[in-house]
Amino acid sequence: GVGAEPMGIKYIPDGKGRILESRAPRMQEVMSRETAYLLTSMLEDVVRYGTGQRAKALGRPVAGKTGTTNNYMDAWFVGFSPHVAAGIWVGYDDNRSLGNKETGARAASPIWVAFMQEALKEQPADGFPAPDGIVYTAVDPKTGLLASPEVGEEVREIFRKGHEPRGYTSPAERARLAERAAAELARAAAKPSRPAAPGSPTDSD
């Protein structure tokens, strides 16, 4: 949850290696450790299950997010481990398109992975440490409420202590939600599909 002010020059040595001038970034807390951990967990899931899956090639805990602008003019991947943070941008200075389907996942994340393979060579493959104010709770993936034995399906989710769900899902509630989801899918299938706008990024950016 700590932010660092960006700076272009860290130190200036002379010809003999003596440091003539040095600077340290100014640091300040911008969010709580618990909130930072929750956001990091979400970005880890981007790598595990989403558009950042190429980063799984590193074989260590990392988090990140892809990005793609309209007309494929810019492709991004910004990610971090517990030790190193890095961002990759791919694009032209004159705002030309990179080409069809040149998304953040396709154009930027492979460069990020190649850089991080070298940058993390000497770093331990640590996970992101959870602060004391985080709790792990088994929840019903259909409702987000606490999982109950009657439901028979659960996933482990993380919460800030005091904000975890309190109630349980009943079988009747799950059946009602399933009926509503089926009705919404049927309505969506009955609607004529609209073509995507030219140059719009896809959901695989």
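Annotations for the structure displayed:
- Length gained on full extension, Phe115 to Glu179: 18.3 nm, using 0.36 nm per residue less the C-alpha separation.
- Of all lysines in the structure, those lying under 28 Å Cα to Cα from Lys191, and not within fewer than 8 positions of it along the same chain, are Lys101, Lys142.
- FRET efficiency for Lys101 and Lys56, using Cβ-Cβ distance with R0 set to 22 Å, rounded to 0.05: 0.60
- For the stretch 53-205: Kirkwood Rh in Å [reciprocal of mean 1/r, alpha carbons]: 19.3
- Listed residue (Gly144, Trp89, Gly17) projecting farthest to the positive dipole end of the chain, Cβ model: Trp89
- Counting only Cβ charges, +1 for Lys and Arg and -1 for Asp and Glu, the dipole size of the stretch 1-143 around its Cα centre is about 300 debye.
- For the chain, the longest principal axis of the C-alpha atoms and the axis of helix 33-49 are separated by about 80°.
- Look at the alpha carbon pairs under 8 Å that are at least 6 residues apart: their mean separation over the length of the chain gives a relative contact order of 17 percent.
Bear in mind that the values in this text are calculations on the coordinates, not laboratory data. What you are looking at is a predicted structure, and each value in this text was computed from that prediction instead of being measured. Using ideal geometry, Cβ is built from the backbone for each residue, glycine included, and neighbour counts are taken over all protein chains shown.
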